[in-house]
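In what follows, a structure is listed as structure tokens, so that the remarks can point back to it.
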Amino acid sequence: MNRRDFLMAGFAVTPLATLLAACGDKGNWPEGMQPIKWDRETCVVCNMVISDRRFAGEMRGGPKNTIFKFDDPGCVALWLSDKAGAYPWMREAATKLWIADVNSSGKDVTWLEATKSQYITKTSPMGFNFGAVAHPQAGSVDFPTMCEHVVTKFKKGRA
């Protein structure tokens, strides 16, 4: 193949590649949320690959709109407890914290505001065993209670 044919073949393939890239998984991401690259990105707390869409979470905030991604609501709780001093902006109203609705199925994730969600007992990737739901259910707890339970359990396990 001569140089001219090679270049023409490249120009012919470029529009097709552009179309295929546009057909990617756009997801149902809330405004301001950075898409999670499933099975490629890792949790900032446990370094586990974020795979189970029903338990994923993301935080965005601070002066540089820093992003942190999580694979389990319990990892969110530990991060908030451990890093409050390093990232004082985490508790500010402008900081966004999303968590997947545990009832999401397939690739269609419903994202909830983590601090306004309720948490039910559900086997989760890191074994903290909480899943987020939008509305109170029998036995559900609010965000602060879930965080307190996870932090207490984790600290007991390390003693």
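The values are calculated or read from the model by the stated rules, or taken from the named source; none is laboratory data. Nothing here was measured: the structure is a model prediction, and the numbers come from that model. Here the Cβ positions follow ideal geometry from the backbone for every residue, glycine too, while neighbour counts run over all protein chains shown.
Remarks
- Of all residues making up the range 68-92, the number that are out of contact with any helix residue (DSSP H, G or I) (no Cβ under 8 Å at 6 or more places or on another chain) and buried (at least 24 other Cβ atoms within 10 Å of the Cβ): 3
- Flag if Gly24 is more than 22 Å from Pro144 (Cβ to Cβ) and either modelled with pLDDT under 95 or small (Gly, Ala, Ser) (or both): yes
- Residue under evaluation Val13, criteria (1) of a type in the set (A, V, I, L, M, F, W, C); (2) touching a Phe, Trp or Tyr at 6+ places or on another chain (Cβ under 9 Å); (3) modelled with pLDDT under 95, criterion not met: (2)
- Search result, residues across the range 103-141 that are part of a strand (DSSP E or B), loosely packed, with under 12 Cβ neighbours inside 10 Å and under 18 Å from the mean Cα position of the chain (by Cα): Ser105, Asp108
- Matching option when the condition is in contact with a Gly (Cβ under 9 Å, 6 or more places away or on another chain) and over 22 Å from Met48 (Cα atoms), among Glu92, Glu113: Glu92
- Criterion violated by Ala100 - all others in (1) small (Gly, Ala, Ser); (2) at pLDDT below 95; (3) not in a loop (DSSP other than H, G, I, E, B) satisfied: (2)
- Within the range 36-65, the set of residues being within 12 Å of the chain's Cα centre (by Cα), under 16 Å from Trp98 (Cβ atoms) and not in a loop (DSSP other than H, G, I, E, B) comprises Gly57, Glu58, Met59, Arg60.
- Checking Asp72, Asp82, Asp101 one by one, the residue that is farther than 18 Å from Val141 by Cα and of a type outside the set (A, V, I, L, M) is Asp82 and no other.
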